[in-house]
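The values are calculated or read from the model by the stated rules, or taken from the named source; none is laboratory data. Everything numeric in this text was worked out from a predicted model, so none of it was measured. Using ideal geometry, Cβ is built from the backbone for each residue, glycine included, and neighbour counts are taken over all protein chains shown. In case anyone asks, the SASA skips ligands and DNA or RNA and just uses the protein heavy atoms, side chains included. Shrake-Rupley method; radii C 1.70, N 1.55, O 1.52, S 1.80 Å.
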Amino acid sequence: MKHNLLFPSFGDVGQLTESQKTLQREIHLARNIQTKLLNGEKPKLTNGEVSGISIPARLIGGDYFDFYPLGDGKIRIIIGDVMGKGIPAAMLMILTRGAFRSAAEATQGPGETLTAMNKGMYADLRKLGSFVTVFCADWDPNTGDFVYANAGHIPPVIIRSKADVVEPPKLRGVMLGGLPEQVYQEERFQLQEEDL
């Protein structure tokens, strides 16, 4: 016999217990919070555009992206994935977001940002038996300079205006929560006009 107590169809709502209804409301509230944090205001740029979308496998999940404007006209970009799915992954995504926002403000580049994030999150991630893969980049929309670091995440691909797919130089790194004193290296790539 199969039961679905967490996500019943709306036709079954009358048959739910009070605690199941409360749990369902809290899950929907958690999804609303996650959606608002992931779909916050995008930075306005004169020479480019940044955007993102995340569609979780379940009602909520651990995928993460964020944009942090830097004082010099550059933008710090992060894309990540927390181990697991559902509510636990969503909670760790919020922890990752906080670590990124703190580190982005206090560090000089993506490598330093990931190093600071790992240092700040390592003990908690080990205690929970979890990890986070993250790709972090600083993009200068005026020059096209794209400096990046990687913590175990799938690297991006660049699509040129003629639909040519280009891969930036490979850069490997251990996921956040993998090694306590991990120092993340950086690579550089030049984006051209109309690159995606």
## Note on the structure
Inside the stretch 70-114, the number of residues satisfying the requirement of being polar (S, T, N, Q) and under 17 Å from GLY129 (Cα atoms) is 1
### Summary
Pairs returned, first residue in the stretch 164-185 that is on the phi < 0 side of the Ramachandran plot, second residue that is open to solvent by less than 80 Å² (accessible area, probe 1.4 Å) and charged (D, E, K, R), beta-carbon separation under 9 angstrom, 6 or more apart or interchain, are VAL166/ARG160; VAL166/ASP195; PRO168/GLU187; PRO169/GLU187; LYS170/GLU187; LEU171/GLU187
### Query
Would you say ALA104 is on the phi < 0 side of the Ramachandran plot, touching a residue at least 24 places away in the same chain (Cβ under 8 Å) and in contact with a helix residue (DSSP H, G or I) (Cβ under 7 Å, 6 or more places away or on another chain)?
yes
### Top-ranked residue in the stretch 58-71 [being surrounded by fewer than 17 Cβ atoms within 10 Å (Cβ to Cβ) and at pLDDT below 85; ranked as nearest to ARG126 (Cα to Cα)]
ARG58
### Query
Only one of these conditions is not met by ASN142: (1) among the polar types (S, T, N, Q); (2) in contact with a Gly (Cβ under 9 Å, 6 or more places away or on another chain); (3) closer than 25 Å to LYS170 by Cβ. Which number is it?
(3)
### Message
Take the residues in the stretch 68-82 that are free of Cβ contacts under 8 Å to residues at least 60 places away in the same chain and closer than 22 Å to PRO155 by Cα; name whichever of them is farthest from the chain's Cα centre (by Cα).
### Response
PRO69
### Message
Residues that are open to solvent by less than 40 Å² (accessible area, probe 1.4 Å), modelled with pLDDT of 80 or more and over 19 Å from GLY144 (Cβ atoms): does the stretch 34-57 have at least one?
### Response
no
